[in-house]
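A short worksheet on the structure shown next.
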Amino acid sequence: MFGSRYLPHCFRNAGDTIGHLIIIYTPAGNERFFLQLDEWTEHGVDITFEKIKTLADSMGNYLVPQEAHGAQEQ
């Protein structure tokens, strides 16, 4: 998947098992977002959309709320 910088994009695990992603960023640095999410997960932090949005905002990213792009929750 190519996730263009200026085009909203998303991904989800449609299966019942743990999924794995390999993400390559150019330029580097945006991987800090996922590293922080991983750290929160390891420490049992309750990860809410607002926390993810605040983190994304702090890194210059913009999150599109689920209801704005029509994705269905499973």
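Please treat every number below as a calculation from the coordinates, not as lab data. Since this is a predicted model, take the numbers as computed values, not measurements. Cβ atoms come from the backbone with ideal geometry, glycine included; neighbour counts cover every protein chain shown.
Summary of values
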item: Filter result for the condition that a residue is surrounded by 12 or more Cβ atoms within 10 Å (Cβ to Cβ), among the aliphatic types (A, V, I, L, M), within 12 Å of the chain's Cα centre (by Cα) and not in a helix (DSSP H, G or I), over L55, L63, L21; result: L63
item: For R5: the one exception among (1) of a type outside the set (D, E); (2) in a loop (DSSP other than H, G, I, E, B); (3) surrounded by 10 or more Cβ atoms within 10 Å (Cβ to Cβ); result: (3)
